[in-house]
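A short write-up of the structure that comes next.
Each reported figure results from applying straightforward, stated rules to the coordinates on display, with no laboratory input. Since the structure is predicted, the reported quantities are computational estimates derived from the model, not experimental observations. Positions of Cβ are generated from backbone atoms using ideal geometry, with glycine treated the same way; all protein chains shown enter the neighbour counts.
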Amino acid sequence: MTRNMKKFNILFLSTLLIFAACQDGYIDDINPVDAGNDENAPAITIGYPSSAVVLIPFTDESTDIDFEFEVRDDIEITSIAIALNGQPLESYQGFLDFRRVKTSFKSENLALGNYKFEVNATDASGKTTTKVHEFEISNIYAAKYPGEIFYMPFEGNVYMDLLGEITAAKIGSPSFGAGKAGRAYAGATDSYLTVPTAGLVGSEFSGSFWYKINASTTHAGLVTVSPPDPSNNKRSSGFRLFREPGASGNQRIKLNVGNGTADVWFDGGTAADISATADWVHIAFTIAPDRCALYINGKVVKDGSFTGVSWADCDAISIASGAPNFTGWNHKSDLSLIDELRFFDKALTAEEVNTIFEDN
Ligand SMILES: [Ca+2]
Ligand SMILES: [Ca+2]
């Protein structure tokens, strides 16, 4: 076959294929499609905010909101107008895509309070649709996890629990440092915080926090609750979460809980060791009527059976020290960083602890 014949054959085959495709309706004709009758009013979706509450940090009094919305129509959108609390924000005409408009509008420095965001859209046939989203801008923290009763984020230069609004008593001169999120508690020699146990402790109790170790003190109390005693080492009630030397220069996190007559150890051995130079680690502990557990980075490092906690003569939770009542073995102030401290009135499950760890 000559070269020209080959060309001819290819052309012929192509023509046949196109003809066949047209016959089967695979190729659109080039005439304009009739848009049809306008059947429906525009449909509006407000993408943001979509919740009833827009939560901002408790240290803030105002925020910017980027309102996101989308309008769709079966034939043609001709105009869109948006308003906040009845005041016009913006209006839109002349769209590249007649049938779908997706955009956003930023309002700056909106104060705490209640708002009504409204989107109005009109189509070419004069049909209109209005969509309203009412929301509140709030800086009041709401519990994020089951049983969460205490949350201290160490923001805004205050040692305040945002759920019970407890301001911790400050002993010595702790400060604030770079946190896991924002700022953190920064320990100092002979320094710690206390909050009353009243209203926080019960037959079930858990704690969770992020911890960046400063191992220049080889012993320290992390979170401790002990009854007063001349020995500064009475362990039959309350609990003691503390650290002391582990293997190979590491520091070991240990939990000791009192059942009213004796104390029980939850010592995970090397599994509960963290490097003396470790970056942020997540630590959690749970006290249930029949079981206690200690977690590091979402994984259980020690758990065991228990007969129920006693809070006899335990008036205060110490944060970042064994002081004042558990210094008998030199577990004094922790110079480390502590952030995102939470207490719970339930024994968290392993899944719940891991969720908190994964959430960062
Ligand atoms: Ca329409
Ligand atoms: Ca923080």
>> On a full-extension model of 0.36 nm per residue, what is the gain between Ala350 and Ala178, subtracting their alpha-carbon distance, rounded to one decimal in nm?
In response: 59.1 nm
>> What's the ranking of 99-110, 217-228 by average number of surrounding C-beta atoms within 10 Å, highest first?
In response: 217-228, 99-110
> Relative contact order, percent, of the chain when contacts are C-alpha pairs under 8 Å separated by at least 6 residues?
Replying inline: 16
> For region 241-253, what does the Karplus curve 6.51 cos²θ - 1.76 cosθ + 1.60, with θ = phi - 60°, yield as ³J(HN,Hα) per residue in whole Hz, taken in order and with x for Gly and Pro?
Replying inline: 10, 8, 9, 7, x, x, 7, 6, x, 6, 10, 10, 8
>> Please compute, over every Cα-Cα pair in region 43-138, the percentage with a separation greater than 18 angstrom.
In response: 45
> Taking the mean number of other Cβ atoms within 10 Å as a proxy for protection, how do you rank 132-140, 116-124 from highest to lowest?
Replying inline: 116-124, 132-140
> Against the longest principal axis of the chain, how steep is helix 3-23, in degrees 0 to 90 to the nearest 10, with axes from Cα atoms?
Replying inline: 80
>> I need the calculated FRET efficiency for the pair Thr218 and Asp290, taking r as the beta carbon distance and R₀ as 25 Å, to the nearest 0.05.
In response: 0.15
> With respect to the cross-link table entries Lys116/Lys346; Lys144/Lys302; Lys180/Lys346; Lys116/Lys180; Lys212/Lys332, which display a Cα-Cα separation exceeding 28 Å?
Replying inline: Lys116/Lys346; Lys116/Lys180
>> Output the 0 to 90 degree angle, nearest 10, between the alpha-carbon long axis of helix 350-359 and the longest principal axis computed from the alpha carbons of the chain.
In response: 60
>> Can you bin every Cα-Cα distance in the chain into 20 Å intervals starting at zero and give me the percent of pairs per bin, rounded to whole numbers?
In response: 24, 34, 21, 16, 5, 0
